[in-house]
1. Select from the range 118-143 the residues that are of a type in the set (Val, Ile, Thr) and under 16 Å from Thr82 (Cβ atoms) and write down the one among them that is modelled with the lowest pLDDT.
2. For the subset of the range 29-79 comprising residues that are assigned to a strand (DSSP E or B) and touching a helix residue (DSSP H, G or I) at 6+ places or on another chain (Cβ under 6 Å), which member is modelled with the highest pLDDT?
3. Which condition breaks for Ala230 when tested against (1) within 13 Å of the chain's Cα centre (by Cα); (2) modelled with pLDDT of 85 or more; (3) surrounded by fewer than 12 Cβ atoms within 10 Å (Cβ to Cβ)?
4. Does Trp241 qualify as being modelled with pLDDT under 65, of a type in the set (A, V, I, L, M, F, W, C) and assigned by TED's automatic domain parsing to the domain that holds Val299?
5. Please go through the range 260-301 and give me each residue that is touching a Pro at 6+ places or on another chain (Cβ under 7 Å), farther than 30 Å from Lys191 by Cα and assigned to a loop (DSSP other than H, G, I, E, B), ordered by number.
6. Could you list, ordered by first residue, the pairs with Cβ atoms under 8 Å in which the first is in the range 244-267 and under 13 Å from Tyr211 (Cα atoms) and the second is assigned to a helix (DSSP H, G or I) and at pLDDT 70 or above, at least 6 apart or interchain?
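The values are calculated or read from the model by the stated rules, or taken from the named source; none is laboratory data. All values reported here derive from a predicted model rather than from experimental measurement. We place every Cβ from the backbone using ideal geometry, glycine too, and count neighbours over all the protein chains shown.
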Amino acid sequence: MKYIVAVLMLLCTCLLPQKCDGLSSGGNALTPPTPVSTISEYISISVESPYEARRCITDKDATVYIHINRTDERKYIAENPTLEKESGGEWGAISYRHANGGLIMYEHAANELFLNGPLQAGRYRLRQPIGLFVGGGAADVAEYVCEFDVIPYDAAPAPEWDAARLRPSVFGDDPRDGGIEMIVNNPEINKTQTSSTVTIKTDSYYMTGHYFTFEVKIDGEWYIVPSNIAVTLEGYHISPWPDETQQLYPQTIYPVTYSGLLPAGQYRAVKELMPFKDNDPYGNVDINAMVYAFAEFIVEETLEIYDYKN
């Protein structure tokens, strides 16, 4: 296998008093004067905070995200990166616990780098090998180098959502589905009360899972809150109740665990439900007739994963 290494410098710096906007762009990998790789012009990387609402990496974070963007249709493989710290003008490798990598099939991949512990404030760089996926392995490998800063947690700017970086909601302002009601029992969430219980009432039979998504309202418009967790695939039946005073399917939600950081604001939980065909709870669900339930709540103060209480 032909193994060619091209070192590409990408500076993605978070320097105070800036608000970390440099981390968000990803930049463009710089092509060497004499190209030695056929993939360098199609790949760019950045290293960012795991928390979209902050974006700076702080000395309290236990992970960082490696964002990989491609502009062609070929498949790539991200191999294990090398993490280094600058000290006295020299770079030295430091260990980490685990890195998610593997096949890159889509335009964007966000691989998580799990640290042995939070990094000390300072200058770091990541050396990320990426190769074409050929014959079950990597070929024509290029190494992308991304420098970044870790800043003191207490010096980080106040978290806030940037609507320009979020995906707009696909739903309207009040998208209620007929016959379904989702109620938040305690609609104010704060550091003392980080969770809430929701109750779903319906007049038909549905199947749903444990998973919720969340949206935030910014300047009158709803946007999707980015998630830091994996989707789980449990299936639960929801049955209609003839007595509207009875609670059905109560479930506790922990919004801060979904994204790791929630600035104060107005939010809503979104729940997918699939109806049973012909309203027969012993039959099959209709995956093409998905409906949604919504429940709004307020985050009264900025919540971080460190505030989470089970």
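1. Filtering the range 118-143 for residues of a type in the set (Val, Ile, Thr) gives 130, 134, 141.
Imposing the further condition that a residue be under 16 Å from Thr82 (Cβ atoms) reduces the set to 130, 141.
Details: Ile130: 92, Val141: 87.
By that ranking, first place goes to Val141.
2. At the first step, the residues of the range 29-79 found to be assigned to a strand (DSSP E or B) are 43-48, 57-58, 63-70, 76-78.
Imposing the further condition that a residue be touching a helix residue (DSSP H, G or I) at 6+ places or on another chain (Cβ under 6 Å) reduces the set to 48, 58, 70.
Working: Glu48: 92, Thr58: 95, Arg70: 90.
Result: Thr58.
3. (2)
4. Here the answer is yes, as Trp241 does meet what is asked.
5. Asp286, Ala289 - these are the residues of the range 260-301 that are touching a Pro at 6+ places or on another chain (Cβ under 7 Å), farther than 30 Å from Lys191 by Cα and assigned to a loop (DSSP other than H, G, I, E, B).
6. If the second residue must be assigned to a helix (DSSP H, G or I) and at pLDDT 70 or above, the pairs left are Thr257/Ile305.
Okay, residues lined up against (1) at pLDDT below 95; (2) not hydrophobic (A, V, I, L, M, F, W, C):
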residue: Leu83; (1), (2): no, no
residue: Glu86; (1), (2): no, yes
residue: Gly92; (1), (2): no, yes
residue: His98; (1), (2): yes, yes
residue: Gly102; (1), (2): yes, yes
residue: Asn111; (1), (2): yes, yes
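Residues checked against (1) surrounded by 19 or more Cβ atoms within 10 Å (Cβ to Cβ); (2) outside the structural domain of Ile224 (by TED's automatic domain parsing); (3) farther than 30 Å from Ser204 by Cα:
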| residue | (1), (2), (3) |
| --- | --- |
| Leu261 | yes, no, yes |
| Gln266 | no, no, no |
| Glu272 | no, no, no |
| Asp278 | no, no, no |
| Gly283 | no, no, no |
| Ala289 | no, no, no |
| Tyr292 | no, no, no |
| Glu301 | no, no, yes |
